[in-house]
Amino acid sequence: MGGGRAGMRQIPKAGEIRDVHAGCMHLLAWIIHARACRLAHLVARITYEGSQSPSRDGSFLLGRITVSTGNQSVNHLIDEFSKLPGIGKKSAERLAYHVLRVHANEALALADAIRHVKENVRHCRDCYNLAEGELCDICQDPQRDRTLLCVVEQPRDLMSIEQASAYRGLYHVLLGRIAPLESIGPEDLTIDALVNRVQAGSFRELIMATNPTIEGDGTALHISSLLGETDVEITRLARGLTTGSVLEFANREMVADALTGRQRF
Ligand SMILES: [Zn+2]
């Protein structure tokens, strides 16, 4: 009977329960203290400030958090990358560490490409596309139809049309669009050169390929009013539903444009 009693679970007395309870509270307090210390340590490493500029001590601010790379050259590279369009601090940091990781030849090839572009690329004398000589490749191409002229806002718009491989005429790059709110007027673009070109040239059609925005449309309207006296036919790119799109997901402007510009089947 005695062995059986020893195997049974004994009911703790009231004093023992208080001791266990106090022990648990002590353990809990210790855990909270340890976590508070870790948090305090983390806060000590992270300084909340307002700027995102690199500081003199080799640290940069990530949002409102200062992170130190410990190297001013690397911080400078990160800062330069972060000036690129669409590149935030995190992406700039990844690019900088990629440059550090790759072979020196690969990294310097990037630097050389940037230097070469800045030293050699200019605007074409006739169309204002990017060129390395006086004239761009398109203006020099004898296979191009010199009776067609496509007006675009930027060289990158020209590249988009070229990639479609559906146009073999010449271009005129405006180098922007009329934007009164940004104080960009006709005199800031290459509109005068375009008018002179059309009046002096033998173009039969001028295709307005400015962006389908209020400013792009306003720019096209301004140009067409300047060329109203010429015999050149002025057209604009079709707009409305894009190929492969679904009516259900098209916005109102797209559907309205598609209905206005509908074609015979
Ligand atoms: Zn050109």
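Highest-first packing order for the peptide set 88-97, 127-136 is 127-136, 88-97, based on the mean count of other beta carbon atoms within 10 Å. A cut-off of 5 Å between modelled amide H atoms, ignoring neighbours fewer than 5 places along the same chain, links H172 with C150, V151, V152. What distance in nm separates the simple spin-label points at L237 and I214, each placed 7 Å from Cα in the Cβ direction? It is 2.1 nm. Remark: the range 138-240 projects, on average over all directions, an area of 6.7 nm² (convex hull of Cα atoms).
The C-alpha radius of gyration of the range 60-205, expressed as a fraction of 2.2 N^0.38 Å, stands at 1.42.
Across all directions, the average flat footprint of the convex hull enclosing the Cα atoms of the range 219-265 is 4.8 nm². Normalised by residue count, the range 182-263 yields a Cα convex hull volume of 125 Å³ per residue. Between R264 and A111, the FRET efficiency from the beta-carbon distance, with R0 = 51 Å, is close to 0.40. Computed from the C-beta positions of R101 and Q72, the FRET efficiency with R₀ = 22 Å rounds to 0.70.
Efficiency by 1/(1 + (r/R0)^6): what FRET value for F249 and L148, r their Cβ-Cβ distance, R0 = 45 Å, to the nearest 0.05?
On the way: r = 34 Å, r/R0 = 0.75.
Computed FRET efficiency for F249 and L148 comes out at 0.85.
For I234, the residues 5 or more places off, or on other chains, whose built amide H falls under 5 Å of its own are L206.
Since every read-out is calculated from the coordinates, none of them should be taken as a lab result. Quantities reported herein were computed from a predicted structural model and do not represent experimental measurements. When we count neighbours, we look across all protein chains shown, and the Cβ atoms used for this are built from the backbone with ideal geometry, even at glycine.
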